[in-house]
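Input: a single structure, listed below in structure tokens.
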Amino acid sequence: MTPADSKSPPLAALRMVGRMALLLLVIAGIGYAIAHRQSLGADSLAAAIGRYPAAPLVFLLVHALASLVFFPRTVLAVAAGVLFGAWWGMLWAALGSTVGAVAGFLLARYLNAGFIDLESMPRFGPVLRRAERGGWRAVAVLRLIPVVPHSLSNYALGLTRLNLGAYALGSLVGQLPMTIACAQFGAAGEQLAAGKAGWVAPTLIGLVALLVTVIVPKLASRRH
């Protein structure tokens, strides 16, 4: 047995312990998010994040962590609109949504490490294989389906062999319409609450973006 061989079992065990500890941490985070979901509204999140001078960076960090624990990204997008306004809110919400998607994807890929084979998943395996073959376009179409939870699709697609760049691009494109809609609605709500008149334009933009999330998936399903 070579020295490298003699070190590999302890190293493998250490990696397994690290994966299990990380998994337990994520499960604890999910439990905390579920228990406190009622108190984590868009306004409270915006107020908490807005206290920091580097609010955009804090927002991205919060978005990444929230994406790991099944916290609705729509609430975060609305909070971005409330905190940063219509246009900056849209930008930071789009970046945060993509960062969160990449975080969940990489976490699933790290925790899986070959343990789960898509062939052993007769119900979901073919769908993930199709996304794997379709690249960023398939990811974008999947993201446009509003009933698929953000965190669940992150973890599920992390089990595939999708290229990270294609996954990130598809996530950005597919999540963009709903992200724009929620950020614009958040900005419009903030304007209304402040008694200002600049709420009409973001409301109309939000409605158009919301309409895209309804039309595009239907067109894609007819095509396939």
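The values are calculated or read from the model by the stated rules, or taken from the named source; none is laboratory data. Fair warning: this is a prediction, and the values are worked out from it, not measured in the lab. With ideal geometry, Cβ positions are generated from the backbone for all residues, glycine too; neighbour counts draw on all protein chains shown. SASA here: full protein model, heavy atoms, side chains in, ligands and nucleic acids out. Shrake-Rupley method; radii C 1.70, N 1.55, O 1.52, S 1.80 Å.
The protection proxy used here, the mean number of other Cβ atoms lying within 10 Å of each residue, ranks peptides 151-163, 67-79 as follows, highest first: 67-79, 151-163. Per-residue extension of 0.36 nm, minus the Cα-Cα distance of residue 51 and residue 130, leaves a gain of 24.1 nm for this segment. Hey, could you get me the Stokes-Einstein D for region 147-224, Kirkwood radius over alpha-carbon pairs, 25 °C and 0.890 mPa s, rounded to whole µm² s⁻¹? Rounded to a whole number, D works out at 170 µm²/s.
Applying 0.36 nm per residue to the separation of residue 88 and residue 200 and subtracting their alpha-carbon distance, the gain on full extension is 38.6 nm. The largest accessible area among 167, 32 belongs to the first residue in 32, 167, and the rest follow in falling order (1.4 Å probe, all chains). Protein heavy-atom surface of region 126-174, 1.4 angstrom probe: 68% of the accessible area is carbon and sulfur, with nucleic acids and ligands not counted. Exposure check, 1.4 Å probe, all protein chains in place: residue 218 carries approximately 120 Å² of accessible surface.
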